[in-house]
Ligand SMILES: CC(C)(COP(=O)(O)OP(=O)(O)OC[C@H]1O[C@@H](n2cnc3c(N)ncnc32)[C@H](O)[C@@H]1OP(=O)(O)O)[C@@H](O)C(=O)NCCC(=O)NCCS
């Protein structure tokens, strides 16, 4: 049997993320609302083929990123999208993005995507930011099922999701059209119950 994990404080549940995202700070990164002024640094961080090869193509210019950021802000206001910029501790420069979009009107089922500048790969930055993001979407937004899709060829993307405890639900055949090819993707999911269990294990509170 799993122990009861403390429920998030009522005021945190009631946080109106639609009017602005809070800043969330971990050991290595801070996640904060993405801003129009992040456009040049996000373009630099995410434009390379190495970063964008297995994801939906990011905007092709800093101006394109500005339009994209303005769109995400409108979608957040409508309660349909959450976009956090990733900044390394001690800097306010955006080096990556976590994005979550609602797959139903109430945000009970959602899909996330993420990308980090390649010089930060393998440093723990992604994992640290993911813990903050997961706590926010499950505890504050109220997501129950969080999906992610990763091309079967995306070793790091699949490895990162597996490390987070996501469950491989199978292959979505030819579900991503990229660079003239129809690629298979793995469907990974994390449920609110999985997350609660993982946190209990991490804090050594599981009683079998
Ligand atoms: C996905 C992403 C954010 C992960 O960040 P990261 O810092 O590379 O991730 P991590 O290093 O913490 O974890 C990746 C894991 O995959 C493992 N891995 C599995 N197959 C791998 C492969 N073919 N090549 C490299 N690493 C691989 C790594 O060893 C690592 O596990 P470890 O820490 O136990 O050694 C980053 O790689 C990225 O921005 N990629 C481009 C965008 C993208 O693909 N987004 C995901 C869409 S689902």
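Take the Cβ atoms of residue 145 and residue 184, set R0 to 22 Å, and the FRET efficiency comes out at 0.55. What residue among 141, 34, 152 has the largest mean-square fluctuation in a Gaussian network model of the chain, using Cα springs under 10 Å? For the chain, modelled as a Gaussian network with Cα springs under 10 Å, the answer is 152. For the chain, the extents of the C-alpha atoms along the principal axes are 50, 37, 35 Å, listed from largest to smallest.
Contour minus end-to-end for residue 135 and residue 61, with contour as 0.36 nm per residue of separation and end-to-end as the Cα-Cα distance?
Values: separation 74, 0.36 × 74 = 26.64 nm, distance 3.20 nm.
That pair, residue 135 and residue 61, stretches by 23.4 nm at full extension.
Considering only 66, 111, 181, the Gaussian network model of the chain with Cα springs below 10 Å gives its largest mean-square fluctuation to 181.
Once divided by 2.2 N^0.38 Å, the Cα radius of gyration of the range 133-208 becomes 1.29.
Taking 0.36 nm per intervening residue step and subtracting the Cα-Cα distance, what contour gain separates residue 197 from residue 156 on full extension?
So the extension gain works out to 12.3 nm.
All of the numbers you see were taken from the coordinates with simple rules; none came from a lab. Bear in mind that the values here come from a model prediction, so they are computed numbers and not experimental data. Don't worry about glycine lacking a Cβ; one is built from the backbone with ideal geometry, like all the others, and counts go over all protein chains shown.
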